[in-house]
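The next block holds one structure in the form of structure tokens; read it before the comments.
The numbers here are math on the coordinates, done by the rules we state, and not lab data. Bear in mind that the values here come from a model prediction, so they are computed numbers and not experimental data. A quick note on method: Cβ atoms are made from the backbone with ideal geometry, for glycine too, and the neighbour counts reach across all protein chains shown.
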Amino acid sequence: MIRYYFDENMYRAVAKGLVSRGIPVVMAVDVDMMEKDDDIEHLPYATKHNLVLVTLDRPFAGRTMRRANHAGLICLSGKIRFDIGRMIEILAEFAEQHTADEIIGRVFWLK
């Protein structure tokens with residue numbers, strides 16, 4: 001089962017929508033990870049806890065493409081960045097269609 005880690009750029013409403021569908025979400029704000037470095041704190045935290053990191057931060061996602069030592073990263077881009085309902089739908093679909101093992105070390109760009 002995929003479990004998500006939302007960095008500080010993600011919306012609580014999206015987390016609540018996913019949790020209501022039975023998909024676990026950990027938010028950076030809830031685990032004292034605010035104002036932390038993406039590369040050396042957020043990504044290792046998510047990896048240590050077997051969580052797929054979800055972000056709106058495109059430069060961070062781009063840098064992560066050069067790494068393979070993480071549990072997976074999803075970057076939401078394009079118009080979806082402003083559509084809470086669509087974010088919930090697309091992340092729920094992603095969780096249904098993938099396993100945690102098959103996304104290790106990969107970066108996904110969802111629009």
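Taking amide H as placed 1.01 Å from N in the peptide plane, the amide H of F6 sits under 5 Å from that of V26, M27, A28, V54, each at least 5 places away or on another chain. Neighbour counting of Cβ atoms within 10 Å sorts the residues Y11, Y5, fewest neighbours leading, into Y11, Y5.
For the chain, the relative contact order works out to 31 percent when only alpha carbon pairs closer than 8 Å and six or more residues apart are counted.
Mean residue ellipticity at 222 nm from the helices of the chain, using -39,500 (n - 2.57) per DSSP H segment of n ≥ 4 over the full residue count, to the nearest 500 deg cm²/dmol?
Numbers: 4 runs with 35 residues, N = 111.
Helices in the chain give a 222 nm mean residue ellipticity of -9000 deg cm²/dmol.
Give the order of M65, M87 when sorted by the count of other beta carbons within 10 angstrom, beginning with the fewest. Provide the component values of the computation, followed by the final result.
Details: M65 12, M87 23.
Least crowded to most crowded, the residues run M65, M87.
Counting beta carbons within 10 Å around each of F108, F6, F94 and listing the fewest first gives the order F108, F94, F6.
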